[in-house]
Amino acid sequence: MRDEVVAAETIASDLLREQAKADLDVEQVRERARRDRDLMDSGSIGDPKQLQSLQHELESLARRQSDLEDIELEIMERVEGAKAAVVQLTGERTEMEAQRAALAASVAEQLAEVEAERAVVAAERSGLATGIPADLLGLYDRIRADQGGVGAAPLHRGRCEGCRLQLPPTDIEAMRAAAPDAVLRCEECRRILVRTPESGL
């Protein structure tokens, strides 16, 4: 967007210079025509041929002035269009910058919330970890590192909620017979399985 604004401003600046040149050209023709009319009106020229030549020149200057004024008008219209484009693009750029600033503020706010939640969870985890045997905690951390941050998953109606696969009946039977404090593992994803009333054991 910044490049588009710069391009529009450059076009407007070039057109303003072109308009200034057209204004100067028109003014020069007008001044020449004024001098010629003043000379004719002064009565100082008595030669009919000179008067006729001067009259032709005035007619030529009038045509030239008309053509230059048409060009001048066209350039003025283009200048107005270019200025309008600059205003529009500048407004769009300002709006985009405001939106970007608002998004950045929103992202920063969300990151702060996530960081605060992470700190709370880390404190809770630290408190819970004190009651877990070191070897089990080490196993959980290794699995979590290998499985995208999820080291344990609920066992729900015979299905591992980590890999979402149904466990074979033989595995279910073995888990059903396991001691209450035994560490259950999914044979597919190797995550620790957490028993719940909905486990189906």
For this session: Please indicate, with yes or no, whether at least one residue in region 91-101 is touching a residue at least 60 places away in the same chain (Cβ under 8 Å), surrounded by 11 or more Cβ atoms within 10 Å (Cβ to Cβ) and of a type in the set (Lys, Arg).
Result: yes
Exercise. Is at least one residue of region 34-52 surrounded by 12 or more Cβ atoms within 10 Å (Cβ to Cβ), acidic (Asp, Glu) and either without any contact (Cβ under 8 Å) to a residue 24 or more places away in the chain or assigned to a helix (DSSP H, G or I) (or both)?
Worked result: yes
For this session: Return the pairs, sorted by first residue and then second, in which the second residue is polar (S, T, N, Q), the first residue lies in region 172-201 and is at negative phi, the beta carbons are less than 7 Å apart, and the residues are 6+ apart or on different chains.
Result: 189/147; 191/147
Exercise. Is it the case that residue 162 is surrounded by 14 or more Cβ atoms within 10 Å (Cβ to Cβ) and touching a Leu at 6+ places or on another chain (Cβ under 6 Å)?
Worked result: no
Exercise. For residue 142, all conditions in the list (1) exposed (fewer than 13 other Cβ atoms within 10 Å of the Cβ); (2) of a type in the set (Lys, Arg); (3) assigned to a loop (DSSP other than H, G, I, E, B) hold save one; what is the number of the exception?
Worked result: (3)
Exercise. Taking residue 146, is it outside the structural domain of residue 15 (by TED's automatic domain parsing), out of contact with any Pro (no Cβ under 6 Å at 6 or more places or on another chain) and at pLDDT below 90?
Worked result: yes
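Under the condition of being touching an Asp or Glu at 6+ places or on another chain (Cβ under 8 Å) and among the hydrophobic types (A, V, I, L, M, F, W, C), which residue from region 120-163 is nearest to residue 176 (Cα to Cα)?
Going residue by residue through region 120-163, those that are touching an Asp or Glu at 6+ places or on another chain (Cβ under 8 Å) are 151, 153-157, 160, 163.
Pick out the ones that are also among the hydrophobic types (A, V, I, L, M, F, W, C) and you get 153, 155, 160, 163.
Values: 153: 17, 155: 12, 160: 15, 163: 20 Å.
Checking each candidate, the answer is 155.
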Exercise. If you check 73, 89, 39, which single one turns out to be modelled with pLDDT of 90 or more, out of contact with any Phe, Trp or Tyr (no Cβ under 8 Å at 6 or more places or on another chain) and assigned by TED's automatic domain parsing to the domain that holds residue 9?
Worked result: 73
Problem set entry | Lone unmet requirement of (1) touching a Leu at 6+ places or on another chain (Cβ under 9 Å); (2) of a type in the set (Gly, Ala, Ser); (3) without any contact (Cβ under 8 Å) to a residue 24 or more places away in the chain for residue 82 | (3)
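The values are calculated or read from the model by the stated rules, or taken from the named source; none is laboratory data. Note that the coordinates shown come from a computational prediction; the quantities given were computed from them, not determined experimentally. Ideal geometry is used to build each Cβ from the backbone, glycine not excepted, and the neighbour counts take in all protein chains shown.
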